[in-house]
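Undergrad: Below are the structure tokens for one structure; questions will follow.
The values are calculated or read from the model by the stated rules, or taken from the named source; none is laboratory data. Model, not experiment: these values are computed from the prediction. Please note: Cβ atoms are built from the backbone with ideal geometry, for glycine as well, and neighbour counts cover all protein chains shown.
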Amino acid sequence: MKVIRTAIPDVLVFEPKVFGDARGFFFESWNQRTFDAAVGREVRFVQDNHSASSRDVLRGLHYQVKQVQGKLVRVAAGEVYDVVVDLRRSSATFGRSVAERLSAENRRMLWVPEGFAHGFLVLSDWAEFLYKTTDYYAPQHERTLLWNDPALGVAWPLAGAPMLKPNDAAGIPLAQAETFP
């Protein structure tokens with residue numbers, strides 16, 4: 001497994017070694033020891049989630065202020081533009097974002113540490129998105145950062161308006177958002 005550091009050092013891309021032939025392919029999609037060594041600490045995942053969305057659906061930018069979640073995300077079908085925003089006030093990268101194209105073809109996974117907002121835009125006709133979380137979903141603690149807040153400067157690859165659920169459309173700008181120490 002190849003580990004790629006992003007512009008925000010705590011956010012990592014994991015690129016598995018894929019073995020393919022005429023029959024298909026095989027790759028190791030999860031290895032606790034490899035992951036913990038790359039992250040530099042033991043991480044325990046407690047929940048797996050699977051969503052499916054059509055082209056131009058934008059989900060996010062979500063985070064929880066209590067029961068804070070780290071997420072390991074990947075795409076099983078299709079392609080997404082995946083974005084994470086650092087919400088840790090004590091971090092040198094507070095308010096900055098990084099983005100990765102994740103797809104069934106590149107099989108990359110992205111580690112979104114605790115203290116970050118996360119969201120994605122579906123680039124293909126259909127995408128299936130899988131992720132592990134380090135704490136359970138707690139809707140009472142969920143917050144949504146405004147996906148198109150100019151302060152974030154996220155260059156979403158959109159030709160028009162995205163499809164959003166009402167909570168995502170009503171996200172809070174970074175300047176007013178609950179953040180982390």
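Undergrad: Exactly one of (1) in a loop (DSSP other than H, G, I, E, B); (2) surrounded by 19 or more Cβ atoms within 10 Å (Cβ to Cβ) is unmet by Phe35. Its number?
TA: Here Phe35 meets the rest and fails (1).
Undergrad: Also, quick follow-up: How many residues does region 45-65 contain that are buried (at least 17 other Cβ atoms within 10 Å of the Cβ), of a type in the set (Val, Ile, Thr) and either on the phi > 0 side of the Ramachandran plot or in contact with a helix residue (DSSP H, G or I) (Cβ under 6 Å, 6 or more places away or on another chain) (or both)?
TA: Here the count works out to 0.
Undergrad: Can you confirm whether region 14-31 contains a residue that is among the hydrophobic types (A, V, I, L, M, F, W, C), closer than 28 Å to Ile172 by Cα and in contact (Cβ under 8 Å) with a residue 12 or more places away in the chain?
TA: Here is the first cut: in region 14-31, the residues among the hydrophobic types (A, V, I, L, M, F, W, C) are 14, 18-19, 22, 25-27, 30.
So of that shortlist, the ones also closer than 28 Å to Ile172 by Cα come out as none.
Looking through region 14-31, none of the residues is among the hydrophobic types (A, V, I, L, M, F, W, C), closer than 28 Å to Ile172 by Cα and in contact (Cβ under 8 Å) with a residue 12 or more places away in the chain.
Undergrad: Need the failing condition index for Val43 against (1) free of Cβ contacts under 8 Å to residues at least 60 places away in the same chain; (2) among the β-branched types (Val, Ile, Thr); (3) not in a strand (DSSP E or B), just the number.
TA: (1)
Undergrad: Can you find even one residue in region 111-126 that is modelled with pLDDT of 95 or more, surrounded by fewer than 18 Cβ atoms within 10 Å (Cβ to Cβ) and not in a loop (DSSP other than H, G, I, E, B)?
TA: Looking for residues that are modelled with pLDDT of 95 or more, surrounded by fewer than 18 Cβ atoms within 10 Å (Cβ to Cβ) and not in a loop (DSSP other than H, G, I, E, B), one finds at least one in region 111-126, hence yes.
Undergrad: Give the residue, chosen from Ala99, Ala52, Ala104, Ala77, that is under 22 Å from Pro157 (Cβ atoms), aliphatic (A, V, I, L, M) and in contact (Cβ under 8 Å) with a residue 60 or more places away in the chain. It would help to see each step written out before you state the result.
TA: On the way: Ala99 fails: in contact (Cβ under 8 Å) with a residue 60 or more places away in the chain; Ala104 fails: in contact (Cβ under 8 Å) with a residue 60 or more places away in the chain; Ala77 fails: in contact (Cβ under 8 Å) with a residue 60 or more places away in the chain.
Just one listed residue meets the conditions, Ala52.
Undergrad: Please go through region 66-84 and give me each residue that is of a type in the set (A, V, I, L, M, F, W, C) and within 20 Å of Val43 (Cβ to Cβ), ordered by number.
TA: Kept after step one, since they are of a type in the set (A, V, I, L, M, F, W, C), are these residues of region 66-84: 68, 72-73, 75-77, 80, 83-84.
Correct list: Val68, Leu72, Val73, Val84.
Undergrad: With the checklist (1) within 22 Å of Ala175 (Cα to Cα); (2) in contact with a strand residue (DSSP E or B) (Cβ under 7 Å, 6 or more places away or on another chain); (3) free of Cβ contacts under 8 Å to residues at least 24 places away in the same chain in hand, flag the one item Ala92 doesn't pass.
TA: All conditions pass for Ala92, except number (2).
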